[in-house]
Amino acid sequence: MNPKPLDPGLYIVATPIGNLGDVTLRAIDVLRGASVIACEDTRVTGKLLKACDVDTRMQRYDDHASPAVRAKLVEAALAQPVALVSDAGTPLVSDPGYRLVREARAAGVSITTIPGACAAVAGLTLSGLPNDRFLFAGFLPVKDKARRDVLNDVGEIEATLIFYETGPRLERSLKAIGEIWPDREIAVARELTKLHEECRTGTSGELAQHYAAHPPKGEIVLLVGPPVEQSLKADPDELLKSALEGMSASKAAGTVAKATGLDRQTLYARAVELKQQ
């Protein structure tokens, strides 16, 4: 039985983030029924379409697409079904699709979402970190100062923080996080839904050390647990040991002093002792 023909409009279609078996039956029906599929990379989307036996025409639409390309897609969606996909996962989550959706809505285009895989949510489910409140903050900046500024901006939000990161930049981001929050629980989720899927947890120092020895590839979901309220029972030695895994005695003392309000000089003297043990 053939599915009912699609009405005109813009269809936001989530695609697999790794395992092609995660594509939904509804997504396949929409991709087959669309007049055109707007995608980031026709080569990437082409592999999915071939696997799903879909021969719908593709139109490249990414960060570099001109306003004219966007306008043509909006015009098409007024009269025909137009599908929007990203290379992997849910469109508009850390990709440029929101501009197309905004302009389509302003033009009176009917908009439908076909939900499915999302790396940020998949990483959160694997991490074991608190998930009653979470903040997705996209990719961290490449430059050190900009990265620190972003981390400081979101650092006091009482929620699990979710970032996207790449393999070559992961170690530097972990070290930057450790300089600000040496005691927070971190999770690194990678190869999601693939054969070698993993989610490793620990402090930033522990994880930076591991990935320095085992450089990861591909895109990664980097999660930071919410702020841990410091109490009188907090063990300065444990905080210092964690901080010392990724920084000097002086920097570790300063970081723990900032987090606990304890005297920096006293912490520095103790950090030197711990480093010599």
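Nothing in this text is a laboratory measurement; each read-out follows from the coordinates by a stated rule. This one's a predicted model, so the numbers in the text were calculated from it and none came from an experiment. Here the Cβ is made from the backbone with ideal geometry for all residues, glycine too, and neighbour counts use every protein chain on show.
Just tell me the longest site-free run in the chain, where the sites are trypsin sites (Lys or Arg not before Pro) in a DSSP loop having at most 15 other beta-carbon atoms within 10 Å.
In the chain, the maximal stretch lacking such sites is 58-132.
Beyond 29 Å between alpha-carbons counts as too far, so tell me which of Lys175/Lys217; Lys217/Lys275; Lys72/Lys194; Lys50/Lys72 fall in that bin.
Correct reply: Lys217/Lys275; Lys72/Lys194.
Mind putting a number on the dipole of the chain about its Cα centre? Charges go on the C-beta only, +1 for Lys and Arg and -1 for Asp and Glu, and I need it in Debye to the nearest 20.
Magnitude of the dipole: close to 640 debye.
Would you be so kind as to identify which of Gly108, Leu262, Gly205 lies farthest towards the positive end of the dipole of the chain, taking Lys and Arg as +1 and Asp and Glu as -1 on Cβ and the Cα centre as origin?
Of the listed residues, the answer is Gly108.
Give me Rg/Rg_expected for the range 236-276, where Rg uses Cα atoms only and Rg_expected = 2.2 N^0.38 Å with N residues.
For the range 236-276, the normalised Cα radius of gyration comes out at 0.92.
Sort largest first and round to whole Å: the equivalent ellipsoid semi-axes of the range 9-114, each the square root of five times a Cα gyration tensor eigenvalue.
One finds semi-axes of 21, 14, 12 Å for the range 9-114.
Need one number: the % of Cα-Cα pairs in the range 122-277 sitting beyond the 27 Å mark.
22 percent
Would you compute, from DSSP H runs of 4+ residues alone, the mean residue ellipticity of the chain at 222 nm, taking -39500 (n - 2.57) per run and dividing by the full residue count, rounded to the nearest 500?
Mean residue ellipticity, 222 nm, calculated: -13000 deg cm²/dmol.
log₁₀ I(q)/I(0) of the range 128-168 at q = 0.22, 0.31, 0.35 Å⁻¹, via Debye over equal Cα point scatterers, no solvent, to two decimals?
-0.76, -1.12, -1.22
Where does each of Phe139, Phe163 land when they are ranked from fewest to most other beta-carbon atoms within 10 angstrom?
Ascending Cβ contact count within 10 Å gives the list Phe139, Phe163.
Considering only DSSP beta bridges where both residues belong to the chain, give the percentage that are antiparallel (nearest 5).
Just about 50 percent of them are antiparallel.
For the chain, state the semi-axes of the equivalent ellipsoid (square roots of 5 times the eigenvalues of the alpha-carbon gyration tensor), sorted largest first and rounded to whole angstrom.
Equivalent-ellipsoid dimensions as semi-axes: 45, 18, 15 Å.
Hey, could you get me the Stokes-Einstein D for the range 98-206, Kirkwood radius over alpha-carbon pairs, 10 °C and 1.306 mPa s, rounded to whole µm² s⁻¹?
In µm²/s, the coefficient is 101.
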